[in-house]
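The values are calculated or read from the model by the stated rules, or taken from the named source; none is laboratory data. Values in this document were obtained by computation on a predicted structure and should not be read as measured data. Don't worry about glycine lacking a Cβ; one is built from the backbone with ideal geometry, like all the others, and counts go over all protein chains shown.
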Amino acid sequence: MNLSRAADLWWKNAVVYCLDVETFADGNGDGCGDLRGLIQHIDHLDRLGVTCLWLMPFYPSPDRDDGYDITDFYGVDPRLGTSGDLVELVRTARDRGMRVIADLVVNHTSAQHPWFLDARSSRDSRYRDWYVWRDEPPADAAEGVVFPDQESSLWEYDKKTKQYYLHQFYKHQPDLNVANPEVRDEIARIIGYWTQLGLSGFRVDAVPFLLETERVQDTVALPDPHDYLADLSAFLRRRNGEAVLLGEVNLPYPDTMAFFGARDGGGSTDELTMCFDFIGMQQMYLSLARADAEPLADALRQRPDPPEDGHWATFVRNHDELTLDKLTDAQRAEVFAAFGPDEDMQVYGRGLRRRLPPMLDGDARRIRMVYSLLFALPGTPVVFYGEEIGMGENLALDGRFAVRTPMQWSPEPGAGFSTADPSTFPGPVVEGAYGPEHVNVRDQVRDHDSLLSWFRLLVDSYRACPELAWGAYTVLDPGPDARAVLAHRCDSGEPGVGCTLIALHHFADADVEAAPVLPELAGVTLTDVLDPAAEPVVVGDDGRLTVPLGPYGCRWLRAS
Ligand code: GLC
């Protein structure tokens with residue numbers, strides 16, 4: 001791999017860390033997380049090896065969807081700080097080699113956004129056509145409701161102007177009309193603004209919803225949604241050649257592929273730079289529930305290669321429900337039974353509102369194996385704040401807020417999140433077995449056996465083995481009697497200087513012998529990346545690599 005190319009395409013082996021400023025760290029003692037608090041804790045992220053921060057929405061908002069309902073796309077929520085603080089954050093992060101990206105939420109605005117207030121004031125409003133209106137809701141108005149616990153239709157009646165407006169999410173989030181060229185210009189301005197302030201790109205919220213224009217009537221038709229996305233992407237790259245678009249596209253693989261663009265079949269992406277691997281994530285949970293690697297192995301075999309300059313973004317948990325919407329009903333029931341049997345743990349009929357460690361009953365072996373997989377699988381790993389210390393959830397909170405509790409820095413009741421009275425926090429700190437007295441950064445920093453130390457080792461190793469991010473990967477046959485083992489190899493292409501990494505991950509609570517066959521590696525000595533003190537393993541003359549693994553064991557073996 002050419003090093004300057006690797007530096008240009010920095011996202012290919014980035015470590016992305018997602019956080020909500022509001023729940024991460026309070027710098028001014030008012031009980032609410034803020035940009036200054038984040039800046040004060042930046043060295044935690046640096047030591048972890050994070051190379052890209054993804055900030056969840058920090059814009060002014062009535063906060064009815066945790067900031068995904070925006071009233072000013074050009075501002076910073078005053079509770080979190082100022083644009084000045086944001087620039088200081090970008091600058092401080094840069095100093096540590098970290099880039100900053102942010103959520104771009106332009107499928108909809110808050111119903112309290114001045115554009116919508118104006119639009120609904122009269123049918124003649126200058127902003128009327130920035131939203132999507134109809135005289136009557138269509139027959140399929142209830143189809144595709146995203147939050148079935150709160151909404152029963154995608155169309156809401158507006159009494160004053162006697163028409164219905166489209167909202168694919170909550171009714172307080174009216175959809176913007178991207179078929180309107182003025183709206184498209186405004187979205188470009190928003191992107192341009194934050195790029196100018198130093199952001200290195202965006203996590204694009206709800207991409208397929210944003211591009212959905214079939215419901216738009218009586219307006220200029222959007223030429224082709226993918227042409228539009230390609231235009232936006234080209235605009236962003238003109239403004240900042242290193243900027244990325246990380247897209248939330250939860251669709252089957254072939255449909256998701258369309259969002260990378262690259263319709264000329266070339267190596268570069270011309271739409272999204274990265275797409276989350278929702279399918280692989282869901283199949284991984286099925287594998288965990290079954291103690292059988294096959295569902296995940298199968299997904300990885302089916303997963304199309306992204307364009308050469310693009311990548312899949314891999315993740316274990318995010319800020320939303322752990323969606324299982326792409327599993328069959330029977331498969332979803334298996335995962336529910338294994339990891340969220342109580343109705344209270346489930347949400348929207350399709351997902352779990354839990355974090356990983358409680359789902360795995362706190363089994364450290366299993367938790368470590370899952371994160372080892374996150375860094376060993378081809379893709380750009382995305383970590384949700386608190387995962388690095390094994391935070392749990394608080395099911396007493398509403399819906400998805402269960403996993404959005406304050407970051408746990410130290411053992412005090414306020415978790416070191418803030419010096420203010422905990423009753424003023426955006427939400428309560430987790431209590432019980434996963435409370436700050438048991439799970440916090442301060443204790444884990446000093447403990448070589450902690451999950452945090454394991455994370456650091458994984459991040460270091462992942463960064464030191466570029467074949468993981470850059471190489472070609474192959475799912476291997478783990479050998480007879482080793483169905484519970486996911487075996488894969490990553491090969492960096494260049495002859496002579498190439499590297500091969502064989503990764504083994506065991507999904508069952510048993511001893512097993514993995515025995516993949518690697519004919520061209522016959523006789524080659526492999527070193528253990530995660531445990532340099534371990535005896536090297538030699539591939540047999542028949543090409544068979546025999547590796548015993550304990551319950552939920554994992555190994556990264558490298559030939560270089
Ligand atoms: C995305 C976000 C989710 C939000 C929704 C509406 O799915 O991840 O948190 O509620 O978009 O903006």
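Here are the numbers for the structure shown:
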| quantity | calculated |
| --- | --- |
| Residue within the stretch 126-143 that is among the aliphatic types (A, V, I, L, M) and within 14 Å of the ligand (Cβ to nearest atom) present | no |
| Only listed residue being crowded, with 22+ Cβ neighbours inside 10 Å, of a type in the set (Asp, Glu) and either touching a strand residue (DSSP E or B) at 6+ places or on another chain (Cβ under 7 Å) or modelled with pLDDT of 95 or more (or both), chosen from ASP175, ASP205, ASP158, ASP185 | ASP175 |
| Among (1) at negative phi; (2) out of contact with any Cys (no Cβ under 6 Å at 6 or more places or on another chain), the one test that GLY432 misses | (1) |
| Residue tally, condition in contact with a Lys or Arg (Cβ under 9 Å, 6 or more places away or on another chain) and surrounded by fewer than 23 Cβ atoms within 10 Å (Cβ to Cβ), over the stretch 116-126 | 5 |
| ALA396 in contact (Cβ under 8 Å) with a residue 12 or more places away in the chain, assigned to a helix (DSSP H, G or I) and on the phi < 0 side of the Ramachandran plot | no |
| Pair list, Cβ < 8 Å and 6+ apart or interchain, from the stretch 503-521 residues that are closer than 12 Å to ASP292 by Cα to residues that are modelled with pLDDT of 95 or more and among the β-branched types (Val, Ile, Thr) | HIS505/VAL485; HIS506/VAL485; HIS506/VAL512; PHE507/VAL485 |
| Residue match in the stretch 256-276 (condition: buried (at least 21 other Cβ atoms within 10 Å of the Cβ), of a type in the set (S, T, N, Q) and without any contact (Cβ under 8 Å) to a residue 24 or more places away in the chain) | yes |
| Hits in the stretch 402-436 - residues which are in contact with a Gly (Cβ under 6 Å, 6 or more places away or on another chain) and part of a helix (DSSP H, G or I) | PRO422, THR424, TYR434 |
| Set LEU468, LEU476: member being of a type in the set (A, V, I, L, M), within 26 Å of GLU294 (Cβ to Cβ) and within 25 Å of the chain's Cα centre (by Cα) | LEU468 |
| Strands (runs of 3 or more DSSP E) completely within the stretch 146-255 that count 2 or more residues being under 21 Å from the mean Cα position of the chain (by Cα) and within 16 Å of the ligand (Cβ to nearest atom) | 201-204, 244-247 |
| Filter result (within 30 Å of the chain's Cα centre (by Cα) and within 18 Å of LEU222 (Cβ to Cβ)) within the stretch 122-145 | TRP130, TYR131, VAL132 |
| Positions within the stretch 302-348 being within 16 Å of the ligand (Cβ to nearest atom) and over 17 Å from the mean Cα position of the chain (by Cα), in sequence order | VAL347, TYR348 |
